[in-house]
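The block underneath contains the structure these notes are about, expressed in structure tokens.
The values are calculated or read from the model by the stated rules, or taken from the named source; none is laboratory data. Fair warning: this is a prediction, and the values are worked out from it, not measured in the lab. Positions of Cβ are backbone-derived with ideal geometry, glycine not excepted, and every protein chain shown enters the neighbour counts. Side chains are part of the model used for accessible areas, which takes the heavy atoms of the whole protein and leaves out ligands, DNA and RNA. Shrake-Rupley method; radii C 1.70, N 1.55, O 1.52, S 1.80 Å.
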Amino acid sequence: MNRTSFYVLVGLTLSVFLLTSCDQNRKSKDGRTDTYSSGAAKFASDDSFSPIINEEKDIFEGTYPKAHLTPIYTNELDAINMLREGKVCLTIATRAFNKEETDYFKGKGYNAKAIAIAYDGLAFIVNKNNTDSCITVNDIKRILTGEAKNWSDIYPGSKRGEIKVVFDNPKSSTVHFCVDSLLNGKPINSPNIVAGKTSKEVIDFIHETPNAIGIIGSNWLNDKRDTTNTTFMKNITVMSVSRMDKATPENSWKPYQGYLYNDRYPIKRTIYALLNDPRRGLPWGFANFLQSYKGQLVFFKSAILPAIGDLRVRPVNISSQ
């Protein structure tokens, strides 16, 4: 697909009221000694965000040398359960608290918070030799429900056979988003589901499997050599997605940062910092950092759309040669 223009985000300014703590030095009944900017603490995150969260962690620790954070990368369901069970005080996920969880924390006397920190796109990837690179939202739904079992059901005349659907983990944020937001709560019934353990395994599987389609967070796909955030990994193809009844190069869009910003890419999700830290220690400090100018700038430079701040967008023209 040759597109002659697209949008690039070129600037970020930020004005935000951060969570603050005026009682960092109080004694803790649970034995914790960490403060807003020092000590050691664990936090949980859905594995699909490990590349960007590792960057955020490294810069936070560089800013606060006395702080040491240990991320636990797992599936979203287990990450949220760890927060609920008090094993961690911070979880990175793609949803806010539901009513049952909110009521649970309130019943315990906790003031748990869900803070929107960024947006990413749910990316659909295929083997680099797959020339069918445009797809509609409706056809994605047909694949997930099992209505479309073969590539020829989507692209008449295709010889690629059965469609293998690859997720990173059966309990991951991508599975939850597909069920909740794409299928309105209906189960995924594709007859050829393949589940790996990580997003990297999905990419590797797609690279080796011509008839597969993988579903992962777009933050895994950014080519770090490209400072404009408009290049994806070369060993797979990122599909362009359309809201229309028929997908064409003119009405389909890839999960570029600019297309997330202007809502042209139709499958966007919110990334949240779920926080329950009565101590207001290191997890609280890291959550603050994620919504600070420096934390939002890390998202901005990593092809993730910041949730906070004023963005400047510039249209650019490119040559197909």
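Assorted remarks:
- In region 163-185, the residues that are closer than 24 Å to LYS200 by Cβ and open to solvent by 70 Å² or more (accessible area, probe 1.4 Å): LYS164, PRO170, LYS171
For every residue, the table says whether it meets (1) in contact with a Lys or Arg (Cβ under 8 Å, 6 or more places away or on another chain); (2) at pLDDT 95 or above; (3) open to solvent by less than 30 Å² (accessible area, probe 1.4 Å); (4) not aromatic (Phe, Trp, Tyr).
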residue	(1), (2), (3), (4)
GLY281	yes, yes, yes, yes
TRP284	no, yes, yes, no
PHE289	no, yes, yes, no
LEU297	no, no, no, yes
ILE304	no, no, yes, yes
GLY309	no, no, no, yes
ASN317	no, no, no, yes
SER320	no, no, no, yes
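- Filter pass, TYR265 being surrounded by fewer than 20 Cβ atoms within 10 Å (Cβ to Cβ), of a type outside the set (S, T, N, Q) and either touching a Ser or Thr at 6+ places or on another chain (Cβ under 7 Å) or more than 24 Å from ALA40 (Cβ to Cβ) (or both): no
- Exclusive hit being polar (S, T, N, Q) and without any contact (Cβ under 8 Å) to a residue 12 or more places away in the chain, set ASN54, ASN75, ASN98: ASN98
- Residue that is surrounded by the fewest Cβ atoms within 10 Å (Cβ to Cβ) [pool: residues in region 32-52 that are within 24 Å of the chain's Cα centre (by Cα) and at pLDDT 95 or above]: LYS42
- Residues satisfying the stated conditions in region 239-252, i.e. of a type in the set (A, V, I, L, M, F, W, C) and either surrounded by fewer than 22 Cβ atoms within 10 Å (Cβ to Cβ) or assigned to a loop (DSSP other than H, G, I, E, B) (or both): MET239, MET244, ALA247
One line per residue, one yes/no per condition, for (1) closer than 22 Å to ASP180 by Cβ; (2) of a type in the set (Phe, Trp, Tyr); (3) touching a strand residue (DSSP E or B) at 6+ places or on another chain (Cβ under 6 Å); (4) modelled with pLDDT of 95 or more:
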{"position": "SER5", "(1), (2), (3), (4)": "no, no, yes, no"}
{"position": "VAL10", "(1), (2), (3), (4)": "no, no, yes, no"}
{"position": "THR13", "(1), (2), (3), (4)": "no, no, yes, no"}
{"position": "TYR64", "(1), (2), (3), (4)": "no, yes, no, yes"}
{"position": "HIS68", "(1), (2), (3), (4)": "no, no, yes, yes"}
{"position": "ILE72", "(1), (2), (3), (4)": "no, no, yes, yes"}
{"position": "GLU76", "(1), (2), (3), (4)": "yes, no, yes, no"}
{"position": "MET82", "(1), (2), (3), (4)": "yes, no, yes, yes"}
